[in-house]
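Enquirer: Submitted below is the structure of interest, expressed as structure tokens.
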Amino acid sequence: MRRYVAKRVAHAAVVIYIVATIVFFAVRAIPGDPARVLLGGDASAEAIAALREDMGLTEPLYVQYFRWVSRIFQGDLGTSVFSDQSVLQMLMGVAEPTLSIAGLGMVIALLIAIPAGITSAVKRYQWEDYVATGVSFLGISMPGFWIGIVLLMVFADQLGVVPAFGYVSFRQGIIPWLEHIALPALAVGLPYGGILMRMTRSSMMEVLNEDYMRTARAKGLNGRLILFKHGLQNALIPIVTIAGILLGVLLGGVVAVEIVFGIQGLGRLLIASIERRDFPVIQGAVIVISFVFVFMNLFVDIMYTSINPRIKYGGGD
Amino acid sequence: MSSSLPPNANAQQESNATASPTDGGDDPLLVVEDLHTTFSTDRGEVPAVDGVSFAIEEGEVFGVVGESGSGKSVTALSLLGLADGARVEADRVSFRDEDLLAKDERGLRAIRGNDISMIFQDPMSSLNPVMTVGEQIAEVVRHHNDIGESRSLFAELRRKYVTGTSESSASWERAVELLETVGIPDPGDRAHEYPHQLSGGMKQRVMIAQALAGDPDLIIADEPTTALDVTIEAQILNELLDLRDEFGVSIMLITHDLAVVRETCDRVAVMYAGELMETADAGTLFDDPRHPYTRGLINSIPRTDDDREWLDAIEGNVPDPTAKPSGCPFSDRCGAAFSLCGEPLVGYPAGKSGHRTWCHLYNDAVSRDGDEIDHVDEMKAKQHIEEYAAAADGVPYRPDFGSEYA
């Protein structure tokens, strides 16, 4: 097991490195450069050229690349072209709201999707099923930012039960923190939960038809026990895998939702940096996002061993 | 489940009525009279079991043999209310003195696994892959015996996810004991393993241990060896027979394999398209098979002393259950079919006690030489059929077979 984890961590590092490299070259392939953005449209060609020289953008690409890579290995993500702040500090400042929204969004999604999916499978083709699948279909069909706008209009504007904009750290109190992230989390959680609910439903329906479920009934166990003791864990096996993969969808949703709710998060920083051609910040943000994604999936795979005894990592490999 | 008399019930009910009251002794363990299990599908009503009657005595091995789709498994599932989506009707399904048809789900749960337990065909898919085999057996012990271990949902889930089943609990100890009983080496260690860690034969032994855990009176084994290697098959069948000898448990053995029947069963019912074709004790069935279908089945068994170049296969296929021929369902494949085959089927008693054949060849009004019909007195024959059918009404049930084994 330990060997497996070490292998996967090494693997993850390689994946992140490749992603970072691709981003490094990709941002430089976009037309426009930071010097021009920084100095504005009126700046003279000489001034722009001087600034480019200053930023090291005139050097050959491979020189820039190797310099950047060697810095990364020293833990230095560089400084923002735009604000002269350290990229690492900027990222740390915005990571909290983004992770809060994504985390709560995931919890909301799972809390809705799994019970609804099970109910739907057990009561298939009855009204409970139609309600649950209908709602999940709505969730899947509506983009997160649009759900966010609707939620804002109803809960913040009309009812006024929660604040509409901004973010408050949990260090300033759990309740204000929850108030500020509840709607954004719901907005990212609903589409994610909608997909998971459909997955849970089909997985549970499949499990209900398994021979071992019939065996459990033939043993004289009651319905709830059969469902939760014999069925649920089996039904969750594919759900866990899918939940990990769909994390990318969730993280992507957070970017747009942050903008709707005026939250200074990772997504917003990333978009602003792309507009400004702030290369070091873009690269740093993408590294952080891929880091979260890759390690969450590693976590899911490790969790997989505890819910599926047929999988044992390590051993020979 | 509901008990009601379908319109064509009389034809089959006769099976019990013609029985001359014999000295069978105690009442049989399980009595099934005129069982009908019907599935409603898009293509119409499918009578998977169509008027089947039989009785199983204490301590006997009762074989039910037939092709795939002949309704053997559905018959078994119907008894325990496990035939999902089916309408189950019968004149009587009684186990000891309990009426299984009158029981609701709760009542049936108390029977399942406790008085009647089942072993399924494929041990690979019939055991829960995410539970240790010990726990799968222990939970049956817990649920059907009052041993002071909580079986609430909460307690069960905590046991499964938090504490695990205590090795010193009575249910676990019993589970280990049962694993030993069915011949699993190192049962204490094996109990902690998951099904995928065991071989096919081992898994089927676990199924058997699980079936024994509630101290049942009847074990229904639905093709228990079909998924196993031939060498393992013999071991598992011997295991079942040993258990019968040791615990006096009755076994209903469902199989498509006549060789298995010959080795293990005391009495046999041959089924075809949801109906009975012939019942007899196992020896008689092989020495003196009467129904053309039974003879066809026996002739299609390969033998080591064969000098036949080709096995005698039965031509044609099992009829579409939504469009069975009227009268005898086998008539369209039967080499001996004649004018009476469209008449309602009744069970004609043959020489030996309990031997009965649902074939009009054995009507008294038919004179024949083997399967060659000489003459049929149609009027008299139909009269006989009506008499057999009518005799069914109001005659108390006495099992006419199995007395030899009582």
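The values are calculated or read from the model by the stated rules, or taken from the named source; none is laboratory data. As the structure is a prediction and not an experimental result, all values here were calculated from the model. A quick note on method: Cβ atoms are made from the backbone with ideal geometry, for glycine too, and the neighbour counts reach across all protein chains shown.
Enquirer: Take the conditions within 11 Å of chain A (Cβ to nearest Cβ), closer than 24 Å to B:K160 by Cβ and part of a strand (DSSP E or B) and apply them to B:M131. Does it pass?
Expert: Numbers: within 11 Å of chain A (Cβ to nearest Cβ): yes; closer than 24 Å to B:K160 by Cβ: yes; part of a strand (DSSP E or B): no.
Judged against the criteria, B:M131 is not a match.
Enquirer: Looking at (1) assigned to a strand (DSSP E or B); (2) away from chain A (no Cβ under 11 Å), which one does B:S117 not meet, given that it meets all the others?
Expert: Result: B:S117 passes all but (2).
Enquirer: Given the structure, is A:R201 within 14 Å of chain B (Cβ to nearest Cβ) and either surrounded by 23 or more Cβ atoms within 10 Å (Cβ to Cβ) or without any contact (Cβ under 8 Å) to a residue 60 or more places away in the chain (or both)?
Expert: Judged against the criteria, A:R201 is not a match.
Enquirer: Given the residues B:G347, B:G370, B:G327, which is the only one that is closer than 17 Å to B:G274 by Cα and without any contact (Cβ under 8 Å) to a residue 40 or more places away in the chain?
Expert: B:G327
Enquirer: Residue by residue through segment B:171-211, note down the ones that are surrounded by fewer than 23 Cβ atoms within 10 Å (Cβ to Cβ), farther than 28 Å from A:S306 by Cβ and either in contact (Cβ under 8 Å) with a residue 12 or more places away in the chain or within 13 Å of chain A (Cβ to nearest Cβ) (or both).
Expert: Within segment B:171-211, B:T181, B:G183, B:G201 meet the criteria.
Enquirer: Right, next: For segment B:138-156, which positions are crowded, with 16+ Cβ neighbours inside 10 Å, facing another protein chain (nearest Cβ under 9 Å) and either among the polar types (S, T, N, Q) or outside any loop (DSSP other than H, G, I, E, B) (or both)?
Expert: B:E139, B:V140, B:H143, B:H144, B:E156
Per-residue answers, yes or no, for (1) of a type outside the set (A, V, I, L, M, F, W, C); (2) under 29 Å from the mean Cα position of the chain (by Cα); (3) within 14 Å of chain B (Cβ to nearest Cβ):
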{"site": "A:G173", "(1), (2), (3)": "yes, yes, no"}
{"site": "A:P176", "(1), (2), (3)": "yes, yes, no"}
{"site": "A:E179", "(1), (2), (3)": "yes, yes, no"}
{"site": "A:E210", "(1), (2), (3)": "yes, no, yes"}
{"site": "A:L225", "(1), (2), (3)": "no, no, yes"}
{"site": "A:V240", "(1), (2), (3)": "no, yes, yes"}
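Enquirer: Regarding A:L221, is this residue within 14 Å of chain B (Cβ to nearest Cβ), at pLDDT 90 or above, more than 13 Å from the chain's Cα centre (by Cα) and part of a helix (DSSP H, G or I)?
Expert: When the stated conditions are applied, A:L221 does not pass them.
Enquirer: From A:V81, A:V94, which residue is touching a helix residue (DSSP H, G or I) at 6+ places or on another chain (Cβ under 7 Å), among the β-branched types (V, I, T), in the same structural domain as A:P184 (by the TED database) and within 30 Å of A:G166 (Cα to Cα)? I'd like the intermediate steps shown before the answer.
Expert: On the way: A:V81 fails: in the same structural domain as A:P184 (by the TED database).
After applying the criteria, what remains is A:V94.
Enquirer: Continuing with the same structure: Looking at A:L159, A:L104, A:L138, which one is without any contact (Cβ under 8 Å) to a residue 60 or more places away in the chain, within 27 Å of the chain's Cα centre (by Cα) and assigned by the TED database to the domain that holds A:I259?
Expert: On the way: A:L159 fails: within 27 Å of the chain's Cα centre (by Cα); A:L104 fails: without any contact (Cβ under 8 Å) to a residue 60 or more places away in the chain.
Testing whether each residue is without any contact (Cβ under 8 Å) to a residue 60 or more places away in the chain, within 27 Å of the chain's Cα centre (by Cα) and assigned by the TED database to the domain that holds A:I259 leaves just A:L138.
Enquirer: Any residue at all in segment A:225-240 that is part of a helix (DSSP H, G or I), modelled with pLDDT under 90 and within 24 Å of A:F291 (Cβ to Cβ)?
Expert: yes
Results for (1) touching a residue at least 60 places away in the same chain (Cβ under 8 Å); (2) assigned to a helix (DSSP H, G or I); (3) out of contact with any helix residue (DSSP H, G or I) (no Cβ under 8 Å at 6 or more places or on another chain); (4) surrounded by fewer than 22 Cβ atoms within 10 Å (Cβ to Cβ), shown as yes or no for each residue.
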{"residue": "A:A243", "(1), (2), (3), (4)": "yes, yes, no, no"}
{"residue": "A:V257", "(1), (2), (3), (4)": "yes, yes, no, no"}
{"residue": "A:A272", "(1), (2), (3), (4)": "no, yes, yes, yes"}
{"residue": "A:V292", "(1), (2), (3), (4)": "yes, yes, no, yes"}
{"residue": "A:M296", "(1), (2), (3), (4)": "no, yes, no, yes"}
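Enquirer: If you take just the helices (runs of 4 or more DSSP H) that sit entirely in segment B:245-331, which of them hold at least 1 residues that are more than 25 Å from B:G59 (Cα to Cα)?
Expert: So the answer is B:292-299.
Enquirer: Sticking with this structure for a sec: Which one of the conditions (1) part of a helix (DSSP H, G or I); (2) without any contact (Cβ under 8 Å) to a residue 24 or more places away in the chain; (3) exposed (fewer than 14 other Cβ atoms within 10 Å of the Cβ) does A:K7 fail to meet, given that it meets all the rest?
Expert: (2)
Enquirer: Looking at A:N234, A:N222, which one is over 26 Å from A:I101 (Cβ atoms) and surrounded by fewer than 19 Cβ atoms within 10 Å (Cβ to Cβ)?
Expert: Going through A:N234, A:N222 in turn, the sole match is A:N222.
Enquirer: Let me ask something else about it. Inspect all residues belonging to segment A:182-196 and state whether any of them is buried (at least 19 other Cβ atoms within 10 Å of the Cβ), within 30 Å of B:L127 (Cβ to Cβ) and of a type in the set (A, V, I, L, M, F, W, C).
Expert: yes
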